[in-house]
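Quick notes on the structure that follows.
The values are calculated or read from the model by the stated rules, or taken from the named source; none is laboratory data. All of these numbers come straight from a predicted model, not from anything done at the bench. FYI the Cβ positions are ideal-geometry reconstructions off the backbone, even for glycines, and counts take in every protein chain you see. Heads up: the accessible areas ignore ligands, DNA and RNA and are worked out on the full protein's heavy atoms, side chains in. Shrake-Rupley method; radii C 1.70, N 1.55, O 1.52, S 1.80 Å.
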Amino acid sequence: MHRGLKSLLLAAPLGIAALAGCSAPADPQVTFYSHGDAVEVAPARFCDATGEQCSPPPADPVGELRVPERAPLQISVPGDVAATPWQVAYIYRGANGEEIDGRTPVFTPDTRHSYTLRVPEDGTRLEHVEVQQYSAVLTAGAEGGVDFGISGTWVLDPR
């Protein structure tokens, strides 16, 4: 009985050493898809739920993808993002040249893993898209409301 316990105790440090050698999980990637092409984008900003511990931004934090006029843009977020409140903010240029910005409603945790962004079909061109993940940090908002901080941002500039 003692020999079995002794071999188990000797093997334990090896298992711990193997686990210690594992790298930290990578920051979540968001996938953007349009017209048969897709791109995975690393976060331009990614912090823990408190907004305190942030990963360094990638060298090129903006993804690029061809999104033809009138084509929808499909956005897929991983479970880490879908498990928190998130939304999509976007900018497009109207047929008359006017810049128009908008945002989706905030998706509540675990209700949605994807979203399809559709722009008006009148010659409007999509110019900028951000997936924004909300943190647990609250700040005083306008008119006595409450604003949530952004803990993760994934950016795409359609071309």
> Which number in (1) open to solvent by 20 Å² or more (accessible area, probe 1.4 Å); (2) closer than 21 Å to P43 by Cα; (3) out of contact with any Asp or Glu (no Cβ under 9 Å at 6 or more places or on another chain); (4) among the β-branched types (V, I, T) marks the one condition that V131 misses?
Replying inline: (1)
> When you scan the stretch 102-131, how many residues do you find that are small (G, A, S) and more than 21 Å from A83 (Cβ to Cβ)?
Replying inline: 2
> Which condition number does E121 fail, the rest of (1) over 29 Å from T50 (Cα atoms); (2) acidic (D, E); (3) part of a strand (DSSP E or B) being met?
Replying inline: (3)
> Restricted to the stretch 110-159, and to residues that are under 21 Å from I91 (Cβ atoms), charged (D, E, K, R) and in contact with a Phe, Trp or Tyr (Cβ under 9 Å, 6 or more places away or on another chain), which residue is modelled with the lowest pLDDT?
Replying inline: R125
> From the set of residues in the stretch 46-66 that are at pLDDT 95 or above and touching a Pro at 6+ places or on another chain (Cβ under 9 Å), which is surrounded by the fewest Cβ atoms within 10 Å (Cβ to Cβ)?
Replying inline: R66
> Does the stretch 99-112 hold any residues that are open to solvent by less than 40 Å² (accessible area, probe 1.4 Å) and either over 23 Å from Y134 (Cβ atoms) or polar (S, T, N, Q) (or both), and which are they?
Replying inline: T104
>> Return the pair list, or none, for Cβ contacts closer than 7 Å from residues in the stretch 27-49 that are in contact (Cβ under 8 Å) with a residue 24 or more places away in the chain to residues that are open to solvent by less than 60 Å² (accessible area, probe 1.4 Å) and acidic (D, E), at least 6 apart or on different chains.
In response: A42/D27; P43/D27; F46/D27
>> Being of a type in the set (A, V, I, L, M, F, W, C) and either surrounded by 15 or more Cβ atoms within 10 Å (Cβ to Cβ) or at pLDDT 95 or above (or both) is the filter here; which residues of the stretch 22-45 pass it?
In response: V30, F32, A38, V39, V41, A42, A44
>> For the stretch 67-98, give me each residue that is assigned to a loop (DSSP other than H, G, I, E, B), touching a Ser or Thr at 6+ places or on another chain (Cβ under 8 Å), small (G, A, S) and surrounded by 13 or more Cβ atoms within 10 Å (Cβ to Cβ).
In response: A71, G94
> Pairs, please: C-beta under 6 Å, at least 6 apart or cross-chain, first residue closer than 17 Å to F107 by Cβ and of a type in the set (A, V, I, L, M, F, W, C) and in the stretch 148-159, second in a strand (DSSP E or B) and open to solvent by less than 50 Å² (accessible area, probe 1.4 Å)?
Replying inline: F148/Y134; I150/Q132; W154/V30; W154/V41; W154/V131
